[in-house]
Amino acid sequence: MGFARVLLHKGANLMGRLIHFWIEWNEAWMATAPDRTAAPPHAPEALRHWVLEVAARTRADQVRWCDGSESEYRELIRLMQADGDLLKLNEQRFPGCYLHRSSPSDVARVEHLTFVCTRSKEDAGPNNHWMAPAEARRKMDALFEGCMRGRTMYVIPYCMGPIDSPYARCGVEITDSAYVAANMRLMTRMGAAALARISKDGKFVKGLHSIGQLDPDRRFIMHFPESLEIQSFGSGYGGNALLGKKCHALRIASWQARDEGWLAEHMLIVGVENPRGEVHYLACAFPSACGKTNLAMLIPPASMPGWKIWTVGDDIAWLHPGPDGRLWAINPEAGYFGVVPGTNEKTNRHAYEMIRHDTIFTNVGLTRDDDPWWEGLEQGKPAFDWQGRPYDPAHGPAAHPNSRFTVSAKQNPSYSPQADAPAGVPITALVFGGRRRTLAPLVYQARDWSHGVLLGAGMASETTAAAAGDVGVVRRDPMAMKPFAGYNFGDYWAHWLAMAKRVKKLPGVFHVNWFRRDATGGFLWPGYGENLRVLGWIIDRCQGKAAGVDTPIGPVPTRDALDFGGLGVDEATIAELLAVDSTAWRKEADEIGQYLESYGARLPAALRDEVTRLKQRLEGSDPLIQGWRGQTP
Ligand code: OXD
Ligand code: MN
């Protein structure tokens, strides 16, 4: 610095002027830069105490309290670039975008290492891996002991939901990963405002995270819903490490929701505006990587001029009985952590545009010009794969099938301003869906609420790359919550059934299947934007305006109630899409019944009765019920 001043004094050469500018900028910045190592004055005592205790236990080098500011985000990015954790992408074509390559053994959620640690094993239920809280704490204490030596510990206050919403809930994540801190800023309302709310509420979910050594053999994701705590060690992958998302907003929140009389669900929230300007909101549950982000940002097809789509959320919905007797939903998240492969101008134009700036990509390929590349992009060529190796198709895809983008929801061209509404949005219909090659028709409706709970509870879907393990295997995934319900499914269904007493004007309940295939493996339904035709039927149906044929599994559209015009889908395919094969459904009903019985005494009798009624309706019905033939409204 002294040398610089001498230089300046000696002459007004260009170098001197540049250095002068640098000194002034630096001094001004130093004077205003917040001291992020000290607890902010309004941090509650319980939080300060916990932070000190964790810093001592993990021996963190330094503590940084995150304020959620833009300058802090830039600093995190700079740090990661310097460490080689982030690679800057082509600034001309992808301004503000970065690539993170994770450890090759840390690319998905790890359900087999995810535990719900309740005092009683029964409370976690057969749907969860369980560990006794004392044993889990012992294990985690040993892992966290000294694990942040030489590292910075970030303290991240965050709010799930609009900051001034009575339905929002807060948490604090402590992590030693700058990648997690930067992602949390995109995914949640993070920083000073959240801390202010925590000080007011006096209550927050405690999430402790360390990447450890990224060793799959020293990796656990533990949940302690009884004390609102999460401890995650050994993974930097989103669903395991961004604790506000699956761990808090689904596993812990589902427990809180049961206690407080609401629902925390794995659902997108979408507003569908018709040409008359009326907007109806739907909340739709699909398993991971089954197109929730695409549906939430759907581009209306040319055949439906005047229709518009508004995205409220793409992954999680918190649903509350509203004062007007309807069910209202907020999206607890502020960003999207979406699957990249397959995204292009045709499949999801809004996502494609949204991720062209200020986005963090994880595990995609790279072109020679530092553009991100993924399968399905339909332009450019990969030079490097997701592991940074020169691209060679013999090594598999260039982008990992579960590669992701993290992006602020505000960048979505169809972002709904209602996503920030403290009261949320009123829900017209709940829609369940899975990835089923056969059996489930394109769309059918529940007869009433408790039948709707059975529709959700009986859901099954083919597994995807979002979780470690086999892909394409059909498994039961009730309400798309198999990996996320923080307590016994038996109790969870009882809670769902009990919502009928809390919500006077219940939404309609439907099931859709975009993934039916023909004998050669081709999809029967074009999907994507064309799915709006089905959403249109669902909304009209809720208003008593659309025709349906009653079948044992519930009403399906009549042939003419759904517009198939211009799709190039022939009559035989339409018939297949709307048909209910009673013989196959009898088998399915038996399997659903057996699955539900595995919850033993916790299975609500009302749900067992629903299965009995379904079987009775299927008994003696025509072997093949073809909606396209029916005419009854
Ligand atoms: C997700 C998931 O990342 O469901 O949303 O796995
Ligand atoms: Mn999800």
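Count of region 313-339 residues, restricted to those that are within 16 Å of ligand 1 (Cβ to nearest atom) and either part of a loop (DSSP other than H, G, I, E, B) or open to solvent by less than 10 Å² (accessible area, probe 1.4 Å) (or both), is 13.
Filtering region 182-212 to residues that are open to solvent by less than 10 Å² (accessible area, probe 1.4 Å), touching a helix residue (DSSP H, G or I) at 6+ places or on another chain (Cβ under 7 Å) and either aromatic (Phe, Trp, Tyr) or at positive phi (or both) leaves only 212.
Going through (1) closer than 23 Å to residue 112 by Cα; (2) crowded, with 24+ Cβ neighbours inside 10 Å; (3) more than 16 Å from ligand 2 (Cβ to nearest atom) one by one, residue 215 falls short only on (2).
Going through (1) without any contact (Cβ under 8 Å) to a residue 60 or more places away in the chain; (2) surrounded by fewer than 24 Cβ atoms within 10 Å (Cβ to Cβ) one by one, residue 226 falls short only on (1). Just so you know, in region 493-547 the residues that are of a type in the set (D, E, K, R) and in contact with a helix residue (DSSP H, G or I) (Cβ under 8 Å, 6 or more places away or on another chain) include one that is nearest to residue 255 (Cα to Cα), and it is 516.
Contact annotation: residue pairs with Cβ atoms under 6 Å, 6 or more positions apart or on different chains, pairing a residue in region 398-409 that is closer than 13 Å to residue 376 by Cα with a partner that is charged (D, E, K, R), are 398/385; 399/375.
Of the strands (runs of 3 or more DSSP E) lying entirely inside region 385-460, those containing at least 3 residues that are more than 17 Å from the chain's Cα centre (by Cα) span 425-433, 443-445.
Within region 262-295, the set of residues being open to solvent by less than 10 Å² (accessible area, probe 1.4 Å), more than 10 Å from ligand 1 (Cβ to nearest atom) and part of a loop (DSSP other than H, G, I, E, B) comprises 262 only.
Figure legend. Inter-residue proximity from region 562-573: first residues surrounded by 10 or more Cβ atoms within 10 Å (Cβ to Cβ), second residues part of a loop (DSSP other than H, G, I, E, B) and aromatic (Phe, Trp, Tyr), beta-carbon distance below 8 Å, spacing 6+ or different chains. Indicated pairs: 569/525.
Hey, any hits in region 317-329 for a residue that's modelled with pLDDT of 95 or more, closer than 29 Å to residue 567 by Cβ and more than 16 Å from ligand 2 (Cβ to nearest atom)? There is no residue in region 317-329 that is modelled with pLDDT of 95 or more, closer than 29 Å to residue 567 by Cβ and more than 16 Å from ligand 2 (Cβ to nearest atom). When residue 581 is tested against (1) more than 18 Å from residue 428 (Cα to Cα); (2) out of contact with any helix residue (DSSP H, G or I) (no Cβ under 9 Å at 6 or more places or on another chain); (3) open to solvent by less than 30 Å² (accessible area, probe 1.4 Å), just one condition goes unmet, and that condition is (3).
Each residue in region 145-160 was checked for being over 14 Å from residue 61 (Cα atoms) and surrounded by fewer than 24 Cβ atoms within 10 Å (Cβ to Cβ), and 0 of them qualify.
What number of residues in region 40-89 are touching a strand residue (DSSP E or B) at 6+ places or on another chain (Cβ under 7 Å) and buried (at least 17 other Cβ atoms within 10 Å of the Cβ)? Steps first, answer last, please.
Our first condition is that a residue be touching a strand residue (DSSP E or B) at 6+ places or on another chain (Cβ under 7 Å); within region 40-89, this holds for 40, 47, 50-51, 54-55, 58, 60-66, 68, 77, 81, 85-89.
Keeping just the survivors that are buried (at least 17 other Cβ atoms within 10 Å of the Cβ) gives 40, 47, 50-51, 54-55, 58, 60, 63-66, 68, 77, 85-87, 89.
Going through region 40-89 one residue at a time, the tally reaches 18.
For every residue, the table says whether it meets (1) of a type in the set (A, V, I, L, M, F, W, C); (2) more than 16 Å from ligand 2 (Cβ to nearest atom); (3) touching a His at 6+ places or on another chain (Cβ under 9 Å); (4) open to solvent by 60 Å² or more (accessible area, probe 1.4 Å).
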{"site": "386", "(1), (2), (3), (4)": "yes, yes, yes, no"}
{"site": "397", "(1), (2), (3), (4)": "no, yes, no, no"}
{"site": "411", "(1), (2), (3), (4)": "no, yes, yes, no"}
{"site": "416", "(1), (2), (3), (4)": "no, yes, no, no"}
{"site": "426", "(1), (2), (3), (4)": "no, yes, yes, no"}
{"site": "438", "(1), (2), (3), (4)": "no, yes, no, yes"}
{"site": "443", "(1), (2), (3), (4)": "yes, yes, yes, no"}
{"site": "447", "(1), (2), (3), (4)": "no, yes, no, yes"}
{"site": "457", "(1), (2), (3), (4)": "yes, yes, no, no"}
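Return yes when residue 258 is within 14 Å of ligand 1 (Cβ to nearest atom), among the basic types (Lys, Arg), within 20 Å of residue 127 (Cα to Cα) and touching a His at 6+ places or on another chain (Cβ under 9 Å) and no when it is not. No, not satisfied.
The values are calculated or read from the model by the stated rules, or taken from the named source; none is laboratory data. Just so we're clear, the structure is a prediction, and the values are computed from it rather than from any experiment. Counting neighbours? That spans all protein chains shown, and the Cβs are built from the backbone with ideal geometry, glycine included. In case anyone asks, the SASA skips ligands and DNA or RNA and just uses the protein heavy atoms, side chains included. Shrake-Rupley method; radii C 1.70, N 1.55, O 1.52, S 1.80 Å.
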